[in-house]
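Here the structure is laid out as structure tokens; the discussion comes afterwards.
FYI, it's all coordinate maths here, none of it is from the lab. All values reported here derive from a predicted model rather than from experimental measurement. For neighbour counting, all protein chains shown are included, and Cβ atoms are generated from backbone atoms with ideal geometry for every residue, glycine included.
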């Protein structure tokens, strides 16, 4: 790890420690008036905790437009939409992870509303995330609407198949609600993953980012640089009925690409690793969430050759197995499960509005990478916030966050509650795209040039995480 990144880690730890100290000193919380007490929904009645699981094919038909290319085939594994429904601790909570690149803006609204209705809950108790594979669809009904208004081809934003998937998810959740199983215990485990994740922003020249070390990297000099700041740990949460595992949730921060632009829909190395673990523990549904991997990728360990995909998958599956083997089980009751949300209002970068000028002449990758940001900007200017959710189970805190967060946010969430088991899923609402740290916005680089938010994001996000933690501490 290079000295620059060690300094950065220390800075964020200092920030979060200061926020925690302020909270314990009873300083007035400036956010108290804007955060509705959504945890008030929780029931005081003693109920039995139960879980339902669902697993749906999320692979579009051949000929569909993936994010960057027309789909010519799908891999043996295809793409999945997996999830769980927790009942018995207030209104049901739905967690869903989909093998797509991103689901943003109005699409998030529709997915959450539809899944909520199927589960008999409210949209604020639903989290929909993507694993962010690139040979996969993108979904944004706001972008689709913008293109229709300008009589432009819909391309990758044609939401026809997304609406089919939503219907199939509704049916799967309805079925899952009829086959709920009791939960008696929660399992918590973690383990480092070796030689997968590396920081993309390690080439620093006079305080500015030079060449990005991407998901794959053929430059020996860039690959020789240190890993940089990462979160090496894979966190694992499992739900049990006595000795029977029912569902396994894993969280790990990295871009999930080994190679892409193949036209073949596939779940890349995290999907292969998930499948290997599903074979090893077949009785439980395995779903995987991508952590704060906006500035993290496999580039140090991946030259883009086809053989390396399975090597990365094996390394990730090995970490999953060690997290599973290290799992400690704890008795679980309805009173120890809480779902808390808080709205996040990120400051928009006014330069985003310029994207609209290019819609009529742009095509392909430009639209895929920019229309979601434009849609988010328009919604934000209308006052729309993005909910951050946190599922608290005994000593575990599972945060469900938007965008392509830098890994520093994941490390900061863990520093805010060092005595808790903290895991973080990013890639919820994909509209905010890359979200860097305050320091990163002065350093530049690809992610920052692509970011629709400002350097205020660090303060805004850390305040929300701290606020959620403080509210949970008081319960």
| message | As a footprinting exposure proxy, order 450, 250, 114 by other Cβ within 10 Å, with the fewest listed first. | response | 450, 114, 250
| field | Fraction of beta bridges assigned by DSSP in region 92-234 that are antiparallel (%, nearest 5) | value | 35
| Inter-centroid distance (Cα atoms) of region 129-166 relative to region 398-475, Å | 26
| Once you put a point 7 Å from the Cα of residue 195 and another 7 Å from the Cα of residue 306, both along the Cβ direction, what distance in nm separates them? | 2.2
| query | What is the Å³ per residue value for the convex hull set by the Cα atoms of region 161-311? | reply | 147
| query | Share of antiparallel DSSP beta bridges in the chain, in percent to the nearest 5? | reply | 70
| request: Determine the gain in length on full extension of the stretch residue 474-residue 446; use 0.36 nm per residue of separation and subtract their C-alpha separation, reporting nm with one decimal. | output: 6.0 nm
| query | Which length gain, in nm to one decimal place, applies between residue 459 and residue 264 when the Cα-Cα distance is subtracted from 0.36 nm times their residue separation? | reply | 66.2 nm
| said: Just want the ordering: 356, 227, 458, from fewest to most Cβ atoms lying within 10 Å of their own Cβ. | reply: 356, 227, 458
| note | Taking r as the C-beta separation of residue 178 and residue 356 and R0 as 60 Å, the FRET efficiency to the nearest 0.05 is 0.80
| request: Would you calculate a helix-derived [θ] at 222 nm for the chain, using -39,500 (n - 2.57) for each DSSP H run of n ≥ 4 and dividing by the full residue count, to the nearest 500? | output: -10500 deg cm²/dmol
| task | Within 10 Å of each residue's Cβ, count the other Cβ atoms and sort 112, 148 from fewest upward. | result | 148, 112
| task | Give the residues of region 71-98 whose amide nitrogen is closer than 18 Å to a point set 7 Å from the Cα of residue 171 in the direction of its Cβ. | result | 79-83
| field | In nm, spacing of pseudo-spin labels at residue 164 and residue 47 (7 Å Cα→C-beta vector) | value | 3.5
| said: Give me the one-decimal nm value for the distance between modelled label points at residue 244 and residue 211, 7 Å along each residue's Cα-to-Cβ direction. | reply: 5.5
| said: Taking mean projected area of the Cα convex hull in nm² straight from the coordinates, which label in (i) 24.3; (ii) 20.9; (iii) 29.0 is the correct one? | reply: (ii)
| message | I'd like the FRET efficiency for residue 381 and residue 113, computed as 1/(1 + (r/R0)^6) with the beta carbon distance as r and R0 of 22 Å, rounded to 0.05. | response | 0.50
| task | Compute the separation of the alpha-carbon centres of region 359-373 and region 232-251 and state it in Å as a whole number. | result | 39
| field | Gain upon complete extension [residue 419, residue 281; 0.36 nm per residue less C-alpha separation] | value | 46.8 nm
